[in-house]
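A short write-up of the structure that comes next.
The values are calculated or read from the model by the stated rules, or taken from the named source; none is laboratory data. Treat the numbers as computed from the prediction; the structure is a model and nothing was measured. Quick reminder, even Gly has a Cβ in these numbers, built from the backbone with ideal geometry, and neighbours come from all protein chains shown. Surface areas here come from the heavy atoms of the whole protein model, side chains and all, with no ligands, DNA or RNA. Shrake-Rupley method; radii C 1.70, N 1.55, O 1.52, S 1.80 Å.
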Amino acid sequence: MNILVTGGAGYIGSITTAELIQAGHEVIVFDNLYQGHAEAVHPQAIFVEGDLADRDAVKRLFDEHPYIDGIMHFASYTLVGESMQKPLLYLRDNLTNAANLLEQAIAHGVKRFILSSTANLFDDPERMPIDENERIVPGSPYGESKFFIERMLHWFERLYGLRYACLRYFNACGNTPDRGEDHDPETHLIPLVLQVALEQRPHITIYGNDYPTPDGTCVRDYIHVIDLARAHILAMEALDRLGSRKYNLGNGRGFSVLEVIETARRVTGHPIPSVIGPRRPGDPATLIASSETIRRELGWQPRFANIEDIMRSAWEWHQSHPHGYKA
Ligand code: UDP
């Protein structure tokens with residue numbers, strides 16, 4: 001298939017692009033390089049630099065590439081904490097950008113769409129692990145923006161016959177030998193902990209140790225980016241057969257912030273000093289996925305089910321790219 005990947009120069013988008021190409025698909029990457037890195041784009045992908053906020057640029061993209069069979073939409077503002085400080089980046093820009101993309105997708109007859117959605121839809125879950133029947137309570141403007149886009153897709157299916165899958169990622173992490181996590185500023189736990197191991201930071205700050213969890217720190221379900229990438233490809237390939245779908249994507253096991261830091265200490269051999277700080281606004285106490293639906297329907301299985309293996313893959317990349325994509 002010819003797949004348009006928005007955000008294909010970013011962390012998850014670039015690794016999914018590489019997996020798509022390896023699976024025999026053709027890829028067009030559209031990215032404004034705001035967070036992404038041109039070096040991360042697979043050399044066999046067609047790269048178009050542009051911004052989803054620019055409606056003319058989006059129209060040109062589709063006019064110049066009229067054979068798009070499906071879209072994977074990664075490009076987005078993605079930070080829970082930032083969204084509590086700058087809600088309009090999320091409630092205006094994420095929504096407008098998705099609408100601009102969908103407008104041209106429909107105008108050009110594209111019928112398949114995969115959305116990067118989020119576990120931040122589940123701020124107050126009634127059951128753990130969290131399955132797709134859980135009630136939606138977005139935990140932040142970020143989660144709310146993804147929920148709105150899921151609703152847009154619902155209406156675009158009813159009105160235009162678009163088939164879509166919403167993949168609600170829990171905590172994406174890990175790297176491949178060539179591509180990895182390189183955000184500026186970095187806010188995610190695993191790369192920050194590994195920056196301490198590389199002695200680029202003096203310590204890791206733990207955001208709160210008074211949560212209602214076994215050790216008081218937040219519990220998350222960490223899923224390797226390769227497993228996420230494979231889920232996107234399986235979901236895209238199954239849309240015609242199964243119709244629109246929503247899948248929660250994680251390993252089904254939770255690890256606390258303290259357990260993640262302990263794992264990093266074991267893998268790196270570095271003492272990784274930590275200090276306790278205040279809670280970060282927007283963070284729920286515990287998020288663990290049930291991914292039974294995608295396992296059953298698509299035969300998806302995580303290859304990196306173990307936090308040590310995930311940490312090792314992240315550590316290898318951080319050691320070989322201590323300053324990310326900058327030489
Ligand atoms: N976290 C932390 N210190 C940091 C960064 C993150 O304690 O410097 C915690 C954060 O509160 C959350 C978990 O680590 O409970 C994972 O956060 P991350 O930003 O990696 O992913 P998110 O859960 O926001 O998607």
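Residues whose amide H falls under 5 Å from that of ILE130, counting only those 5 or more places apart or on a different chain, are ILE288, ALA289, SER290, with hydrogens built in the peptide plane. With θ taken as phi - 60° and the Karplus curve 6.51 cos²θ - 1.76 cosθ + 1.60 applied, the whole-hertz 3J(HN,Hα) list for segment 43-51 is x, 8, 7, 7, 10, 10, 7, x, 10 Hz, x standing for glycine and proline.
Taking only the alpha-carbon positions of the chain and ignoring solvent, what does the Debye formula give for the base-10 log of I(q)/I(0) at q = 0.07 Å⁻¹? Relative scattering, expressed as log10 I(q)/I(0), comes to -0.26.
The Cα atoms of segment 188-255 give a gyration tensor whose axes a ≥ b ≥ c have a/c of 1.5 or more with a/b no greater than b/c, which makes the shape oblate.
What net charge is computed for the residues neighbouring GLU26, neighbours being all others with C-beta under 15 Å from the C-beta of GLU26, Lys and Arg scored +1, Asp and Glu -1?
Working: positive: ARG112; negative: GLU19, GLU64, ASP69, GLU237.
That works out to -3.
By a 1.4 Å probe calculation restricted to protein chains, ASP210 has an accessible surface near 100 Å², given to the nearest 10. Counting heavy atoms of the protein chains alone, ASP124 has an accessible area of about 80 Å² for a 1.4 Å probe. In segment 134-283, the portion of solvent-accessible area held by carbon and sulfur atoms comes to 52 percent [1.4 Å probe, whole percent, DNA, RNA and ligands not counted]. Solvent exposure of the chain amounts to 43 Å² per residue of accessible area, where only protein heavy atoms count and the probe is 1.4 Å.
Ignoring GluC sites (Glu not before Pro) that are buried or in helix or strand per DSSP, and keeping those with at most 14 other beta carbon atoms within 10 Å, what is the longest stretch of the chain between them?
Values: sites that count: GLU126, GLU199.
Value returned for the longest uninterrupted segment is 200-327.
The accessible-area ordering, largest first, of the residues LEU234, LEU61, LEU298 stands as LEU234, LEU298, LEU61, per a 1.4 angstrom probe.
Note on segment 296-325 and segment 239-259: Cα centroid distance 16 Å, given to the nearest whole angstrom.
Per-residue ellipticity at 222 nm computed for the chain from its helices equals -11500 deg cm²/dmol, with DSSP H segments shorter than 4 residues left out and the rest contributing -39,500 (n - 2.57).
Net charge near ARG220: determine it from the other residues with C-beta under 11 Å of the C-beta of ARG220, scoring Lys and Arg +1 and Asp and Glu -1. Could the numbers behind the result be given before it?
Working: positive: ARG253; negative: ASP221, GLU259, ASP283.
After counting each charged neighbour, the total is -2.
DSSP bridge analysis restricted to the chain gives an antiparallel fraction near 5%, rounded to the nearest 5.
TRP155 contributes an accessible area of around 110 Å² to the protein surface, as traced by a 1.4 Å probe with all chains present.
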